[in-house]
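Here's the structure, in structure tokens; my notes come after.
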Amino acid sequence: MHQPVKTDYSQDLRLFRTAGQVWSYAALAVFLLAAPILFGNYLLSQVVFVIIYAIVGIALIILSGYTGQVSIGHAAFLAIGAYTAAYCQKQGIPFVVYFVLAGALTGVVGYLVGLPALRLHGVYLAIATFAFAFIVEEILARWESVTNGNEGIMLALPDLFGLKLGDTGFYYLCLAVVTTIMLGAINLLRSPTGRAFVALRDSETAAKSMGVNPARYKTRSFAISAAITGLAGVLYAHKLSFISPEMFTLSLSIEFIMIVIIGGIASLRGAVFGAIFMIMVDPVLATLKDDLPGLVANVVSVLGLNGGGAQEAVARVVNAPGLKSLIFGLIIIFFIIFEPFGLAGRWEKIKLYVRLFPLYKATTFKRQKMYLKSERGR
Amino acid sequence: MLDFIQQTIGGIALGCVYGLIALGFVLIYKATEVVNFAQGELMMLGAFLSFTFIATLGLNYWLGFALAVVCMAVLGSTMERLVIRPILGYPQFSIVMATIGLGLVVRSLAGMLWGTDDLRIETPFTGGVFKLGGLVIAADSLSIIVATLLLCAVLYWFFRYTKIGIAMQATSQNMLAAYYMGIPVKRIFSLIWAISAMVACIAGVLLAPITLIHANIGFLGLKAFPAAVLGGFSSIPGALVGGIIIGVVETLSGFYLPEGFKDVAAYVVLLVALMVMPQGLFGSRALKKV
């Protein structure tokens, strides 16, 4: 990878490493600020969803990508954040207060979930987090005095310091939140805490012998990740304006993990790529359902075959129930086998290809296989 | 008191189902240290195949059963070849996610092929009951208990005494060293997936009269996780014992505790078990040498 030559320690602390980065991020910022003018209502609301998913993606990348802890229960943290928002708004508590409160509450819950992580690793942790998510889902459905049970709760868009936010205002709120969290995460990951996370991920034994306390840092990673997800939950609840327990199931947690797998687990940029990808799946599928049968029929009838029959067959395939989860499953498998570092990894490869042309070697990014040794004795 | 015994027996029957599914997890984990989140979906696929053979094609129950088991063995090793083999040697997280993806694919394909209605097969046990004093045991449940015990015994023997079984244990402990010792590691992987898919298929077919067959019985697999963890995840008798504990706890909490506890009882037991003794009831505890 291209690294500008550093001559000074202060260069290590800079947010942007090259002038090119400054310009490209400035352009991105201008674009995002102008988005409400450029986009219609539908697109703007999709962008808000991308932002919310990206926040969850950041949370998961901190936890899974940088600390190496697996969680198949992040939908539960999102749910806790969302329900805190819904409950507090009903009680008339101002947005700023419950936004912070939701983050703190999910942070504490995340800390508690992180406790078993001290003794568990890998698969056991995955199972523990998903058991936790099931229990939370059940509590949400049963604790009717607070959560209104399976009937769900309605929410309005938040008031910010007495100012009623419209769709555009809410967009700017989300943008501010994601920017703050992104900058916070970048800084966190190059702080001593972040380096301890990475050390724990790479080798717990080595980290321990360097004086990193696994208990402290694993629970901290869980708490931070959960708190960020809780904040995303507040925004999610306001965006959807209606929440009920069956929205926060295992499949939502799997969607979140897909953000990370598709985007790329090894860099925060991946969260954004993955979020964009995941939000685009639904509109793309809808377009496919509408247009693909007609398109195929045209192609087939140009070839002089029975166009109507083909149209019917294609329509049956694209309208089959469960097509979305089939595609999701195939995407997961595809990315894990062929693109383990996700879209962010592909982006790095393309950049390197352009820079080194024509000397690029595919093996530069070849992952080393580790032949399996028992984890039981860990 | 009679209620309690009746409920307990019901719980044991349910527990055997969990144990049977958990056996599939345990087999794959024991031999390859891969946790297969698609185990429930394999079970569902087995049940659907047996439905096709028995109800649609009208074959004899036992013949259809055997055919479904053979088909599942082939499918299991094919899945291993296509999805798991390319990512062997990568972090466990990747493999777990790949099996989740595999589960999604299998579930939605089954939904497309067999529809979303509840399907039912006639078995030789349907409707039969055994009466013992005041207790009533359905023949379906009894068939599950007997089959689980038998399978456990056979598989325990297989891992303990046969050459291939011991080779599988060696593979799980250290793949590279096993390879050096002349164990065909790749073939072991295919084989264990085939065996595990067969066990899943047996579970699916035995379960069919109780739960009916539909695309969502795969979720039962998630209920079997607590059973496997409780049993130590790599112990065959452990899966059975863990399954029975989970089954009994679930049934009793459904009977004695307020509504809602039944669904989470298994997971509460799981979390407690993980905190108190993560190695499970039958798991071995070893320390890592650096």
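Per-structure values
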item: Residues that are more than 14 Å from chain B (Cβ to nearest Cβ), open to solvent by 20 Å² or more (accessible area, probe 1.4 Å) and in contact with a helix residue (DSSP H, G or I) (Cβ under 8 Å, 6 or more places away or on another chain), drawn from the range A:131-153; result: A:V146
item: Tally of residues being without any contact (Cβ under 8 Å) to a residue 40 or more places away in the chain, away from chain B (no Cβ under 14 Å), within 23 Å of A:A54 (Cα to Cα) and aliphatic (A, V, I, L, M) across the range A:322-360; result: 1
item: Among residues of the range A:108-122, those that are open to solvent by 10 Å² or more (accessible area, probe 1.4 Å) and touching a residue at least 60 places away in the same chain (Cβ under 8 Å), counted; result: 8
item: Among the residues listed as A:F222, A:F242, the single one being open to solvent by 10 Å² or more (accessible area, probe 1.4 Å), in contact (Cβ under 8 Å) with a residue 60 or more places away in the chain and either more than 15 Å from A:L105 (Cβ to Cβ) or not polar (S, T, N, Q) (or both); result: A:F242
item: Which numbered condition A:W347 misses (of (1) surrounded by 16 or more Cβ atoms within 10 Å (Cβ to Cβ); (2) modelled with pLDDT of 85 or more; (3) within 17 Å of B:F93 (Cβ to Cβ)); result: (3)
item: Index of the failed condition, B:S94 passing every other in (1) surrounded by fewer than 21 Cβ atoms within 10 Å (Cβ to Cβ); (2) at positive phi; result: (2)
item: Selected residue [open to solvent by 60 Å² or more (accessible area, probe 1.4 Å) and either modelled with pLDDT of 85 or more or more than 12 Å from chain A (Cβ to nearest Cβ) (or both)] from B:V241, B:V249, B:V268, B:V276; result: B:V268
item: Test: residue in the range A:294-308 that is open to solvent by 20 Å² or more (accessible area, probe 1.4 Å), within 12 Å of chain B (Cβ to nearest Cβ), at pLDDT below 80 and not in a helix (DSSP H, G or I); result: no
item: Qualifying residue in the range B:170-186 (condition: without any contact (Cβ under 8 Å) to a residue 40 or more places away in the chain and under 25 Å from B:E41 (Cβ atoms)); result: no
item: Enumeration of residues in the range B:95-118 that are facing chain A (nearest Cβ under 8 Å) and within 15 Å of A:E255 (Cα to Cα); result: B:V96, B:M97, B:A98, B:I100, B:G101, B:L102, B:G103, B:L104, B:V105
item: Test for B:I192: is it in a helix (DSSP H, G or I), among the β-branched types (V, I, T) and over 14 Å from the mean Cα position of the chain (by Cα); result: no
item: Exclusive hit being away from every other protein chain (no Cβ under 14 Å), surrounded by 17 or more Cβ atoms within 10 Å (Cβ to Cβ) and over 17 Å from B:L191 (Cα atoms), set B:T52, B:T56; result: B:T52
item: Selection status of A:R201, under 21 Å from A:L78 (Cα atoms), basic (K, R) and open to solvent by 50 Å² or more (accessible area, probe 1.4 Å); result: no
item: Enumeration of residues in the range B:119-130 that are open to solvent by 10 Å² or more (accessible area, probe 1.4 Å) and either among the β-branched types (V, I, T) or within 14 Å of another protein chain (Cβ to nearest Cβ) (or both); result: B:T123, B:T126, B:V129
item: Positions within the range A:50-69 being open to solvent by less than 10 Å² (accessible area, probe 1.4 Å) and within 14 Å of another protein chain (Cβ to nearest Cβ), in sequence order; result: A:L60, A:I61, A:L63, A:G65, A:T67
item: Total residues in the range A:166-190, condition open to solvent by 30 Å² or more (accessible area, probe 1.4 Å) and at pLDDT below 90; result: 4
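Table: residues versus (1) in contact with a strand residue (DSSP E or B) (Cβ under 6 Å, 6 or more places away or on another chain); (2) within 14 Å of chain B (Cβ to nearest Cβ).
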site: A:E204; (1), (2): no, yes
site: A:V212; (1), (2): no, no
site: A:K218; (1), (2): no, no
site: A:S225; (1), (2): no, no
site: A:A237; (1), (2): yes, no
site: A:G270; (1), (2): no, no
site: A:F273; (1), (2): no, no
site: A:I279; (1), (2): no, no
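The values are calculated or read from the model by the stated rules, or taken from the named source; none is laboratory data. All values derive from a computational prediction rather than experimental measurement. So basically every Cβ, Gly included, is an ideal-geometry build from the backbone, and we count neighbours across all protein chains shown. SASA here: full protein model, heavy atoms, side chains in, ligands and nucleic acids out. Shrake-Rupley method; radii C 1.70, N 1.55, O 1.52, S 1.80 Å.
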